[in-house]
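The values are calculated or read from the model by the stated rules, or taken from the named source; none is laboratory data. Being a predicted model, the structure only gives us computed values, none of them experimental. Here the Cβ is made from the backbone with ideal geometry for all residues, glycine too, and neighbour counts use every protein chain on show. Side chains included, ligands, DNA and RNA excluded: accessible areas come from the protein's heavy atoms. Shrake-Rupley method; radii C 1.70, N 1.55, O 1.52, S 1.80 Å.
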Amino acid sequence: MTPGRTWHEALSKKQMMGILSVLEICEDAGGGPEFKKALVEAISTYFDVRDVTFFHGPTFPEIFNDPSPLLTGAAEPLLMVYHEKWQDKDVFAMPQARRVLTTAGFTTLDELSRLPVPQRSYVVDYLNPNDMTTASAIHLPLADGEALIGMFGQVRTWGESDMLAVRMLARQLRARTATIAAAAESATVDPLEHLTPRQLEVAELVSDGLSNFEIAQELSLSELSIKKYISRIFDITGHRNRSELATAVLRRVRRPQA
């Protein structure tokens, strides 16, 4: 981006409308299969991507084991051969790709340098023969795991503003998807249901942004006790950090009562 220009000044009106349209469609879709389908179709439509895929798993490594991902275009008939031969060689499963995806939210094949032999074969012997000569991916944190949105097509030159638009879309999506469950059966699961009243109280104070010291003062407990409470809460709920726990508390508050 040109120095001195903000990101919205660097994007065209069409690109801005594309970002806003995808976000609006996804918000209207809610969660579950409807969300997956809406996101895939919206990215394909507004960002002119021929083949879009949606893989989902409880953790990042498990994304690539998704038994029923949403596939479109040239990728659709390739699921069986992908699982049989290529999923462990996927370029976006590499450690360097994972680092970029889970921090920045978006990367392209061109940005992944020095591909090992298996991943080079994935590109040359799997993607390219199936008319997928360009590849990029968006990573999304979800309420029930993580997702990878793959975008594939033929030779295409993305300009600086195109790349910026997709990166901004990824950033905006990631800020919204932490409360969305991709699996329909997971939409009503409450990961906090097995917490004791005291553990739930601690979790709620964590979601309020309080530090361990501040929570200890609030509950008249030692800071060490609070650390133990939070460690136990993580063990019970499966959450890995305070941000994930706070999101779960927020979803619980918003969930309609039966």
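Things to note:
- Listed residues K14, K37 arranged by accessible area, highest first, probe 1.4 Å: K14, K37
- Put simply, the amide H of F106, placed in the peptide plane, has neighbours under 5 Å in H139, leaving out anything fewer than 5 places away on its chain.
- Cut-off under 5 Å, modelled amide H: who pairs with D51 long-range: F152
- Each residue was assigned an accessible area with a 1.4 Å probe, and for H56 the value is about 30 Å².
- Top of I180, I43, I226 by mean-square fluctuation, Gaussian network on the chain, Cα under 10 Å: I226
- Applying the Karplus relation 6.51 cos²θ - 1.76 cosθ + 1.60 with θ = phi - 60° to segment 59-68 yields 3J(HN,Hα) values of 10, 4, x, 7, 3, 6, 9, 3, x, 9 Hz, where x marks Gly and Pro.
- 15 Å Cα-Cα reach of K227 towards aspartates and glutamates, excluding residues that sit fewer than 8 places from it in its own chain: E201, E204, E214, E218, D235
- Largest to smallest principal axis extent of the C-alpha atoms in the chain, angstrom: 63, 47, 40
- As a length-normalised measure over Cα pairs under 8 Å and 6 or more apart, the relative contact order of the chain settles at 19 percent.
- Candidate cross-link partners of K37 among the lysines, defined by an alpha-carbon separation under 30 Å and a same-chain spacing of 8 or more, comprise K13, K14, K85, K89.
- Spin-label model distance (nm) - E27 vs S161, 7 Å beyond Cα toward Cβ: 2.5
- Entry note, segment 190-258: relative contact order of 44 percent, from Cα contacts under 8 Å with a spacing of 6+ residues.
- Here the Karplus curve 6.51 cos²θ - 1.76 cosθ + 1.60, taken at θ = phi - 60°, turns the phi angles of segment 227-234 into couplings of 4, 5, 4, 5, 4, 5, 4, 4 Hz, with x standing for Gly and Pro.
- Sequence of E244, E111, E76 from largest to smallest accessible area, 1.4 Å probe: E76, E111, E244
- Contact order for segment 75-168, expressed relative to its length and based on alpha carbon pairs under 8 Å spaced 6+ residues apart, stands at 25 percent.
- The distance linking segment 88-159 with segment 201-250 is 36 Å (Cα centroid to Cα centroid, whole angstrom).
- Amide H contacts under 5 Å for A183, placed H, 5+ residues apart: G32
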